[in-house]
Amino acid sequence: MSNKVNKVKVNYFNEKKETLSRKELEKLQLTRLRESVDRALKIDFYKKRLNDIGVKSGNDIEKLSDINKIPFTTKDDLRSSYPKGLIAVNHDKIIRLHTSSGTTGTPTVIYHTKKDVDNWSTLVARCMVAAGATKKDVFQNMTGYGLFTGGLGMHYGAEKVGMTVIPTGSGNTRRQLTLMQAFKTTIVHATPSYMLHVFEKMSEFGFSLNDFSLKRAFLGAEPYTENTRKKLEELFKIDVYNSYGLSEMSGPGVSFECVYKDGMHTWEDAFIMQIIDPATGKEMPDGEEGEIVFTTLMREATPILRYRTRDRAFVYKGECQCKRTHRRLSRIVGRTDDMLIVNGVNIFPSQVESVIMKYPEVGTNYLIHLNKKGSLDNLTVKVEIYSKLFKGELSQLDNLKKKLTDEIHSSIIVKPIVELHEPGSLPVSEGKAVRVIDERKEL
Amino acid sequence: MKITQISIFLENRKGRLYDVCSLLGDNGINIRALTIAETENFGVLRIVTSDAEKAVKALKENGFAANITDVVIVEVEDRPGGLAKVLKTLNDNKINIEYMHAFMTKHGDNSYMVFRFDDPDSAIKVLKENKINIIDGNKISEI
């Protein structure tokens, strides 16, 4: 799936590192894998598992393929260690931590040393330069700041590139557009659905495309199709680049499209990228779809080995026109679990379920309904009123609705619409309960 | 002196009121007072019936979210100022009213209001002391 690009200028943040020969790259990976294993051995969780397979030091890793002897790390493993987390250095060396919400309310934590933050920023800078950014650009970061790694992650990377950064964060579309015009923003970072939303609101807020100087958009945090990318490019008259990352691998900066927009380069000097068959755990060859597994090669504070991302994709065969030797990941094609993404935020139905179960006034049957409100995702949680506890007062129902809304909101970050329904009105299934109805068409 | 009122949770769906009324009708239950408190998406239907126990049973068996509340039926003079007179007595005695609505019939010169009080026992005491008539549960069918 190659897009014809006529005249593109290829820039590198660090040409040497980005175009290392495969032989050199793999040699570097082996050295760094050993270092990563040595760091991991300082963590009880990994020490036990590595010792169990006969690995007492990094030197016991003889060749790259030995990585397959190392057992997988799952999200649950990270949750179980919370809040202590997986930490391989002294706490005084930690300068930042990011948490991400877990399914049952237990978050996961990733720690960062000064070097970790710097390396992370460098990877993001590489991504941005690969997609055409230069220090002459003005960068508007339209995703949430705070614990969400997309915010600070892209921010630090953009500063490293030398762009002028406008840290707007998400929302307040009128202000986004006002600043975009005033400061002649050339590059934005957003979710694809928010980007569509911005376009819809443009004329409503009194703007036209001519008011802006946009050239590029870096879009990620939720999957979207090639068609949506093309649509956004046509609407805004810009180039759109796909970005992939996850908080366990620090955040954005893991994989990113270059100016050729033909797959996302994963920085293989920072991560070992593998595709496995989720059922058997066996590694799959390039070109075949499976679950992405990452191993960190440079992270000091929280090294992670063989992390099952639960994202499905495949690795491109062959070399990219940009001459980077770091292999490319396809678009994410799906999940191996029931995780949903709503306006760029990861949500598990079980998070909603845990809140509902705490309220005896509503029954145990619930339904999550997803649809689109314009370009943005809309999440509705339908519950049934439990006869026994119904007091007959409107105020009880109003209160209940508010409490449910607030508690679900606080758990999943996205504000839900809660609907109260009569008992027996929600569908009941014979086998596994259908908890989610997703009417959103693929973006 | 407290009367059983039934509250039913209903979604704003076509035919729900009909479903309730036809169910009660089929079970030989007569509705004596009715009011609906509604919001955008749902409402609470409140009824006083000729046989509360039977009505609740039928409703619950047919999957309705229904429950009972104590209300007081107060006799109110059917003339301008009649209701205000009762309300003054209640206010003067610091009796709080949650809601109220009218009964379906009228008896002589009086009409009847259904009151839901925060504290029904205190309300009944005050009304009696001030010689305001309250209808006994057994006498509902007579009015």
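The values are calculated or read from the model by the stated rules, or taken from the named source; none is laboratory data. Given the structure is predicted, the values throughout are model-derived calculations rather than measurements. Virtual Cβ from ideal backbone geometry, glycine too; neighbours counted across all protein chains shown. Side chains included, ligands, DNA and RNA excluded: accessible areas come from the protein's heavy atoms. Shrake-Rupley method; radii C 1.70, N 1.55, O 1.52, S 1.80 Å.
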| query | What is the residue count in region A:389-400 for residues that are within 12 Å of residue B:9 (Cβ to Cβ) and in a helix (DSSP H, G or I)? | reply | 5
| query | Just one of A:111, A:46 is more than 21 Å from residue A:310 (Cβ to Cβ) and among the aromatic types (Phe, Trp, Tyr); which is it? | reply | A:111
| Quick check: anything in region A:75-88 of a type in the set (S, T, N, Q), at pLDDT below 95 and either farther than 25 Å from residue A:328 by Cβ or open to solvent by 30 Å² or more (accessible area, probe 1.4 Å) (or both)? | yes
| Quick one: what pairs do we get from region A:252-266, first residue of a type outside the set (Asp, Glu), second modelled with pLDDT under 95 and assigned to a loop (DSSP other than H, G, I, E, B), C-beta under 6 Å, 6+ apart or different chains? | A:259/A:8; A:260/A:5; A:261/A:3
| remark: When residue B:112 is run through (1) within 14 Å of chain A (Cβ to nearest Cβ); (2) open to solvent by less than 20 Å² (accessible area, probe 1.4 Å); (3) of a type outside the set (Asp, Glu); (4) in a strand (DSSP E or B), the failure sits at (1)
| Within region A:423-442, is there a residue that is more than 30 Å from residue A:144 (Cβ to Cβ), within 14 Å of another protein chain (Cβ to nearest Cβ) and among the charged types (D, E, K, R)? | no
| request: Kindly indicate whether any position in region A:397-411 is in contact (Cβ under 8 Å) with a residue 24 or more places away in the chain, more than 14 Å from chain B (Cβ to nearest Cβ) and under 30 Å from residue B:59 (Cα atoms). | output: yes
| task | Give the residue that is most open to solvent (accessible area, probe 1.4 Å), with candidates limited to residues of region A:257-293 that are aromatic (Phe, Trp, Tyr) and part of a loop (DSSP other than H, G, I, E, B). | result | A:260
| query | Is there a residue being away from chain B (no Cβ under 14 Å) and open to solvent by less than 10 Å² (accessible area, probe 1.4 Å) anywhere in region A:333-342? | reply | yes
| Can you pull out the residues in region B:1-32 that are within 23 Å of residue B:121 (Cβ to Cβ), among the aliphatic types (A, V, I, L, M) and within 14 Å of chain A (Cβ to nearest Cβ)? | B:3, B:6
| request: Select, from A:99, A:108, A:122, the only residue that is touching a residue at least 12 places away in the same chain (Cβ under 8 Å) and open to solvent by less than 10 Å² (accessible area, probe 1.4 Å). | output: A:108
| message | When the residues of region A:412-421 are narrowed to those that are open to solvent by 60 Å² or more (accessible area, probe 1.4 Å) and away from chain B (no Cβ under 14 Å), which ends up farthest from residue A:383 (Cα to Cα)? | response | A:413
| remark: Filtering region B:41-62 for residues that are within 11 Å of chain A (Cβ to nearest Cβ) and either aromatic (Phe, Trp, Tyr) or open to solvent by 50 Å² or more (accessible area, probe 1.4 Å) (or both) leaves a count of 5
| remark: Reported set for region A:69-98 where residues are in a helix (DSSP H, G or I) and more than 25 Å from the chain's Cα centre (by Cα) is A:69, A:91, A:92, A:93
| said: If residue A:381 satisfies all but one of (1) in a helix (DSSP H, G or I); (2) within 14 Å of chain B (Cβ to nearest Cβ); (3) within 22 Å of residue A:436 (Cα to Cα); (4) open to solvent by less than 30 Å² (accessible area, probe 1.4 Å), what's the number of the condition it fails? | reply: (1)
| Top-ranked residue of region B:29-40 - restricted to ones that are more than 13 Å from the chain's Cα centre (by Cα) and open to solvent by less than 70 Å² (accessible area, probe 1.4 Å), ranked as modelled with the highest pLDDT | B:29
| remark: Checked region A:141-171 for anything modelled with pLDDT under 95, within 23 Å of residue A:207 (Cβ to Cβ) and open to solvent by 40 Å² or more (accessible area, probe 1.4 Å); matches are A:170
| From the list A:53, A:94, A:61, which residue is surrounded by 14 or more Cβ atoms within 10 Å (Cβ to Cβ) and touching a helix residue (DSSP H, G or I) at 6+ places or on another chain (Cβ under 8 Å)? | A:61
| Within region B:63-80, how many residues are closer than 18 Å to residue A:362 by Cα and either basic (Lys, Arg) or surrounded by fewer than 18 Cβ atoms within 10 Å (Cβ to Cβ) (or both)? | 2
